[in-house]
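**Q** Before I ask anything, here is the structure I am working with.
Bear in mind that the values in this text are calculations on the coordinates, not laboratory data. Note that the coordinates shown come from a computational prediction; the quantities given were computed from them, not determined experimentally. Heads up, the Cβs are rebuilt from the backbone with ideal geometry, glycines too, and the neighbour counts pull from every protein chain shown.
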Amino acid sequence: MHKKLNTVLLVDDDDGTNFISQLIIERAGVANAIVTALNGQEAIDYLTNCGKYQKEIDCPNPEPMLILLDINMPILDGWEFVDAYRNLPINKTSKIIMLSSTCNPDDKIRADNIFEITEFKSKPLTYALLDDIMKTHFAEPV
């Protein structure tokens, strides 16, 4: 059994990928909220309550429990996002799963050596992959 996540942040520049990932997460019923960002900068804006994600200062955006992060995106790619995330003045309790379609084995090696990245997985998100992520990182203690 796993706990329900407060928020999942999908960071991918492909609308179709975000749509499918959101649909899978919604149907699996594992999150209270799903936020999409089309690049790393939008994700940073969400985490820092800036840009289109800006809210009143008294009501910051909830820190996502899970961030599904693509590598290759415009403006701020996945690697650049992690560099910026590392320096944010927030708790940084999110599990970052790098979810990419890359065929380059160096990307997995690089991700495995970055503390902030919890795990590297291959796209697309499926029910089985989501279930594995939930069991591995969000299992309820027995």
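**Q** Please give the peptides 115-123, 95-103 ranked by average Cβ packing (other Cβ atoms within 10 Å per residue), highest first, as a rough proxy for protection.
**A** Working: 115-123: 16.2, 95-103: 19.7.
Descending mean neighbour count gives 95-103, 115-123.
**Q** Follow-up question, since we're still on this one. So which GluC sites (Glu not before Pro) in the range 1-101 are both in a DSSP loop and have at most 14 other Cβ atoms within 10 Å of their Cβ? Display every interim value, and only then the final one.
**A** Values: sites: Glu26, Glu42, Glu56, Glu80; in loops: Glu56.
Passing sites in the range 1-101 are Glu56.
**Q** Further, regarding this structure: Taking each pair of distinct Cα atoms in the range 1-45 once, what is the resulting Kirkwood hydrodynamic radius in Å? Before the final figure, lay out the partial values.
**A** Numbers: mean 1/r = 0.0917 Å⁻¹.
Final number for the Kirkwood radius of the range 1-45 is 10.9 Å.
**Q** Share of antiparallel DSSP beta bridges in the chain, in percent to the nearest 5? Please report the intermediate quantities before stating the final value.
**A** On the way: 1 of 20 bridges.
Close to 5 percent.
**Q** Let me ask another. With every atom except the alpha carbons ignored, what do you get for Rg and Dmax of the chain, in angstroms?
**A** 14.3, 44
**Q** Calculate, for Asn91 and Ile24, the FRET efficiency according to 1/(1 + (r/R0)^6) with r their C-beta to C-beta distance and R0 30 Å; round to the nearest 0.05.
**A** Result of the calculation: an efficiency of 0.65.
**Q** Turning to a different aspect of this structure: Relative to the present Cα-Cα distance, how much length would full extension add between Asn72 and Asn113 at 0.36 nm per residue of separation?
**A** Working: separation 41, 0.36 × 41 = 14.76 nm, distance 1.81 nm.
Gain in length upon complete extension: 12.9 nm.
**Q** May I ask you to sort Tyr46, Tyr85, Tyr53, Tyr127 by Cβ crowding, counting other Cβ atoms within 10 Å and putting the fewest first?
**A** Tyr127, Tyr53, Tyr85, Tyr46
**Q** Please rank Leu23, Leu125, fewest neighbouring Cβ atoms within 10 Å first, as an exposure proxy. All intermediate terms of the calculation are to be shown ahead of the outcome.
**A** Working: Leu23 12, Leu125 24.
Least to most surrounded, the residues fall as Leu23, Leu125.
**Q** Evaluated at 20 °C with a viscosity of 1.002 mPa s, what Stokes-Einstein diffusion coefficient in µm²/s does the range 60-142 have when Rh comes from the Kirkwood expression over alpha-carbon pairs?
**A** On the way: Rh = 13.7 Å.
Value of D from the Cα-based Kirkwood radius: 157 µm²/s.
**Q** Hey, another quick one. Below 8 Å, C-alpha to C-alpha, sequence gap of six or more: please give me the relative contact order for the chain in percent.
**A** Working: 233 pairs, mean separation 36.9, N = 142.
Reported as a whole number, the value is 26 percent.
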